[in-house]
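What follows is a short report on a single structure.
The values are calculated or read from the model by the stated rules, or taken from the named source; none is laboratory data. Predicted model, so just to flag it, every value in this text is computed and none were measured. Please note: Cβ atoms are built from the backbone with ideal geometry, for glycine as well, and neighbour counts cover all protein chains shown.
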Amino acid sequence: MNIDVKAFLKQTASVRPSQRQLDWFDTEFYAFVHFSPNTYTDLEWGEGNEDPAIFNPTDLDCDEWVKAIKSAGMKGMVLTAKHHDGFCLWPSSHTEHCVRNSPFLDGKGDIVKSASEACRRGGIKFGFYLSPWDRNSEFYGTPSYNDFYRAQLTELLTQYGDIFMVWFDNACGEGSNGKKQVYDFESYIRLIRQYQPDACIFNDFGPDVRWCGNESGSARVAEWAVVPHELCHYAEPQTSGAPLKGDLSHMYATDSDMGALSNIIYSKGLVFAGSEINMSIRPGWFHHVNEEPHSLERLMDTYMNSVGGNTCFHLNIPPMKNGRFDPRDIKRLKSLGDALREAFSKRIPARIAKSFEIESETQCVYHVKLAKHQIVRYIVLSEDIAQGQRVESFVLQARDEDGKWMPFYRGNCIGHKKICRVNLDTDEFRLFVTSARDEALLRDLAVY
Ligand code: FUL
């Protein structure tokens, strides 16, 4: 066995994100809004035979949604245009199971329109979730369902302005006729690229954004955006040929290690696909009166581990029956925003110098000097991921009384952003990149 490890690692660092993926990473924190007949039946997965007459948000206010979303610092919204029950929040020409047949605004309403316009007025991005699993459609389980799905997708892609994200999962249960569907994802992806080339597509298997593997807000210790094509087979491989012969068909989104060398060395092609941490502000995705929002501590932790762990945070806020957000959720979102603003509003000016004192291309040191001694709570590291994800491990060090560099924080990946929560009283520290796949290139190092 003769493997040129250095060349292989360099190759992995050459796997690059698209502009739409870079824009998505910069969005960082955005909202999910789950709204459907489930809101009225108290279910999480509707049966598909609900009467559209039950859907009646008498007090809908999408501007209020946007205001609450912005108060938490979120920069976008993804609306469930259609969930598994098949009910469409817009008046689709391809089904009668939609708002047109509900009492909402006497059947003249269009929630996708109201939400997308409110997002634009409020200066945040808009996207949608169109569930492939449709328990209402008569076509489900037959090849015609793919035409039907593409027709609905086309309506959403062409009638509601710029879309930043199209979200679909792989849920594939039985439809109204007891059959399961073979989804033609490739053709859905082509359609999205045709009408909304800047939209990021989320699916368990890529192409642009992949699932983190849980719905509880847990993050990996090391979250790589460069992963095997065998895991994200809708993304384009950017390398070819595995250094080691092997099989990665066992990989799934719930694995604990995605981009570690022990995996990627068997991959026949690597792709760039960052992961999204999605969870609801409450136990359910839909609103249930008896549920309470998660604590501020839990939401803060999830933010730090997601946005601060090389993923994005997709937080669901479900409207109530009347179409308004629950006041308890509005309050929690505002406290979250306040806590984040408090944490990251006072950036400490710092002088940063990079050196290769260890005489290695893949190890280096960033020396950080502050104007005066002060308490540091957060050190936020960002790689220039347009140049690939490179850092594998690092240690933050401060001087002890004898002037010796001692570690106070150890980490793995940096990627788009790594938030290091620290508690340090100092006027200097250093970031020692202890291992990288190619020369570490930081886009930013911010001290708070
Ligand atoms: C899952 C769905 O089954 C849940 O109901 C929810 O919409 C979640 C975001 O995605 O696949």
* To do: Considering only region 77-107, state which residues are more than 14 Å from the ligand (Cβ to nearest atom), among the small types (Gly, Ala, Ser) and at negative phi.
  => Ser92, Ser93, Ser102
* **Selection count, region 92-113, where residues are more than 32 Å from the chain's Cα centre (by Cα) and not in a loop (DSSP other than H, G, I, E, B)** => 4
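To keep it simple, each residue is scored yes or no on (1) crowded, with 21+ Cβ neighbours inside 10 Å; (2) under 30 Å from Ala339 (Cα atoms).
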position	(1), (2)
Gly73	no, yes
Val78	yes, yes
His84	yes, no
Phe87	yes, no
Ser93	no, no
His97	yes, no
Pro103	no, no
Val112	yes, no
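In region 271-297, what residues are part of a loop (DSSP other than H, G, I, E, B) and either within 16 Å of the ligand (Cβ to nearest atom) or within 15 Å of the chain's Cα centre (by Cα) (or both)?
Residues satisfying the conditions are Ala273, Ile281, Arg282, Pro283, Gly284, Trp285, Phe286, His287, His288, Glu291, His294.
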* Asked: Could you list, in sequence order, the residues of region 250-296 that are aromatic (Phe, Trp, Tyr), within 30 Å of Asp85 (Cα to Cα) and surrounded by 15 or more Cβ atoms within 10 Å (Cβ to Cβ)?
  -> Trp285, Phe286
* To do: Exactly one condition in (1) in a loop (DSSP other than H, G, I, E, B); (2) free of Cβ contacts under 8 Å to residues at least 12 places away in the same chain is not met by Asp162; state its number.
  => (2)
* To do: Tell me which of these Ala350 doesn't satisfy, since it passes every other one: (1) surrounded by 22 or more Cβ atoms within 10 Å (Cβ to Cβ); (2) in contact (Cβ under 8 Å) with a residue 60 or more places away in the chain.
  => (1)
* Asked: Just a yes or no: is a residue in region 118-125 at pLDDT 95 or above, assigned to a strand (DSSP E or B) and within 29 Å of Leu296 (Cβ to Cβ)?
  -> yes
* Only residues that are within 16 Å of the ligand (Cβ to nearest atom) and aliphatic (A, V, I, L, M): list them for region 145-172, please. => Met165, Val166, Ala171
* Asked: Identify, please: which residue in region 73-88 is more than 16 Å from the chain's Cα centre (by Cα) and not in a strand (DSSP E or B) and is, among those, nearest to Ala53 (Cα to Cα)?
  -> Phe87
* What number of residues in region 318-362 are part of a loop (DSSP other than H, G, I, E, B) and not acidic (Asp, Glu)? -> 17
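Within region 272-285, identify whether any single residue is in contact with a Ser or Thr (Cβ under 8 Å, 6 or more places away or on another chain) and over 27 Å from Gln19 (Cβ atoms), and answer yes or no.
Yes, some residue in region 272-285 is in contact with a Ser or Thr (Cβ under 8 Å, 6 or more places away or on another chain) and over 27 Å from Gln19 (Cβ atoms).
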* Asked: Hey, any hits in region 204-226 for a residue that's in a loop (DSSP other than H, G, I, E, B) and more than 17 Å from the chain's Cα centre (by Cα)?
  -> no
